[in-house]
Amino acid sequence: MAEIVAPQNVENPGEDPRWLGMAESLNGPVYGTNGWAARPYLTSSDMTVYRNKDMFAADARDASRTNPYARSAKRTSVDSIIGTTMTLSLQPISEILGVTDQEAQDWAEMVENKWAIAAESPDCHFDAQRKQTFTGLMRETYSGFYTSGESLGTIEWKASSNGQRTCYLNIEPERLSDPRGQHDIIHGRRMGVERDRHGAPIGYHIRERHPSDGAFWGPIDFHKWKYVPRRNSWGRWQCLHYFEQDRPDMTRGISAFTTALLPMRLLQDYMTTELESAAVRATYAAVIQSELNYEEAMKVVGDEYANTMKGNPMLDFTMRRMADSAAFYRGQDMRFGKAKISHLLPNEELKMVQGTQHANGLKDYADQNLHLLASSLGVDYASLTKDYAKVNYSGARAALYDVWRSYEVRREEFVDAVAWPIFVCWLEEMVALREQIPMLGNRSFYDVRDALTYGTFETWTKPRLDPLKEGQADLIMYNAGALSLRDLAKQEGRDWRRVLNDRAQEKAEMKKLGLTPEDIDWTLIMNAGAKNKPKADNADDSQQ
C-alpha cells in the first residue's frame, strides 16, 4: 500500500479536504445513528454492510421496542404480509409429471390437507423449539427480518409427536460471523458466509451462542462456531439466509429502519420536550417574585458579617435568605373563611404562571414527521398513526393500492426464500425419505422436484374499503371470464376447492332439511315476482 503524505503548506493537515478524503479511504466514513455519513464515498455493498450492519440492527430493534410508531409499523407490516394463516396452494405441473390434470389436482388436495394438519397443529411440529405453529414461526421470522434486515435459520431433523422430523430453527442473524472474528482474505469468506468464486453462498459459520450471552450465562460454547452448508450432498436445504438484495455482490443484509431512525428520534425528542414543558406549566400555578438585589442585601446584612462573607458572600446571603423565607412561609396559616391569604415579605409579589405555547406547532410538526416515517417504513400514514379522520375514500383507495403492491412483492420474496424451502424439505421427507405420501407419476422425486412442488402460500390480500361496490365489480369480472373462482378465493386467503366443498355441503344440508334457495336469500322471491308480474294495459300502446 502506498504511503499517504500530508499536503504541504497546510498549518493543520487534518482540516484539508484532500487529506480528509485520503484518510477516510482507509478508515471508512463516519456514520451517525441516523444512517447518514459525515463524508460519504463510494464503497462496495459488503463494505457498507460490514461497517454499519450491527449498529443499525441494534438501533432498529431498540426503536421497535420503545417507539410506538416503529412498533405500529412492524405490527402492520407483519399482519399484512403473513396474515392469520398461511395456506398452502400446490399446483403440480401435470405435463412434466406425465399425469392427468385431475390426478394432479387430487394429489395436490391430499398434500394440502396433510400439510394443514401438521402446520397448524398445537404441537408445533415445524418449530424446532416447539413453541409456535408454522404461521407463528413465519411471523417471528419476518418480524426479525423487518427490523434487522435479514433472517437466518436452519432446517433441523428432529422427531416430533406426529412422526415427522423436518422442522425449522430460527436464529439471530448476528450469530452468523467469522470464527473468532478472523477475516478470510484468501478463500472468499465474508462476514461468516462461505462463497464460491462467483459470490454464491455455499455455507454459513454460525456461533453456538449469542455474542451477548457470554457475560451472563457463562462462557460455555461462547467461542464455538458450527459450519452449516447451504444444501447437503443431494440438494436438501440445510440453512436459509434471507435478505433484500438491492446491490450486486451483497453477502449480508442491512436494516431498512435506517432511513426512519432520524425522523423517529427527532419526533420523539420533540414530543417529550413539549409534554415536559406542559407538565411544568401545569404544576406551578404561581411564583413569588422578589425585588431584593445584592446591594440592598449587603445593607441589610451590615458590616458585622462582612468578614465572614469574604469567601463566598453571595452564597452565604442566599442561603440565609432562603432559610428565613422558608421559615416565614412555613408558619403562615391566615384564612378568610375557607380561602387562604398569602402574606408576602417586603418587596415580593405573587405572579401567576400562564402558558404561552399552544399545541398547534406540535401537531403540525408531528404530522409532517409521521408522513416521513410512513414513507421510510413502507406503510401508509393512516395505518401507522391509526388516525383515519382525515382520510377520504379516494385517498384511502390510492394509498391502499400503492402500499399493497409493495406488500405483495415482499410477501412473494419471503415465501420463495423461507416458507417454500421448508415445505419442499417436508414433502421430500414424506415422499422420498419416509414414503408417507405416494409419489405422483412414475419418475423420481428428485428428477421432477421443481414441477412437483410448484405453487405458493396464500393469505389474505388487501382489505375492502367498500365491500358492496368491490364485490359487485368482482362479480362483473367473474361473469366476463376475467376472474376465476381461484382468484376470488385468493383475495380472501381461502382455497377455492374448499369453498366449493362448503357450497356442496350447504346444498346437501338444505335439501335434507327441505329448504330452498329462496328460504335463504329473500331477494330471489322478489326477482321471481318481478318476472311473473303481468304487463300493464297500456304497455303495448307505449311501445307503438
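Only the coordinates and a few stated rules stand behind these numbers; no lab work does. Keep in mind that what you see is a predicted model, and the values were worked out from it rather than measured. Note: ideal-geometry Cβ built from the backbone for every residue, glycine included; neighbour counts use all protein chains shown.
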Among W420, W234, rank each residue by its count of other Cβ atoms within 10 Å, from fewest to most, as a rough exposure measure. W234, W420
At 7 Å along the Cα-to-beta-carbon direction for both Y478 and D450, put a label point, then send me their distance in nm to one decimal. 3.5 nm
Measuring from centroid to centroid over Cα atoms, what is the spacing of segment 85-139 and segment 229-258 in Å? 24 Å
Fewest first, what order do S484, S383, S148, S394 take by the number of other Cβ atoms within 10 Å? S394, S484, S383, S148
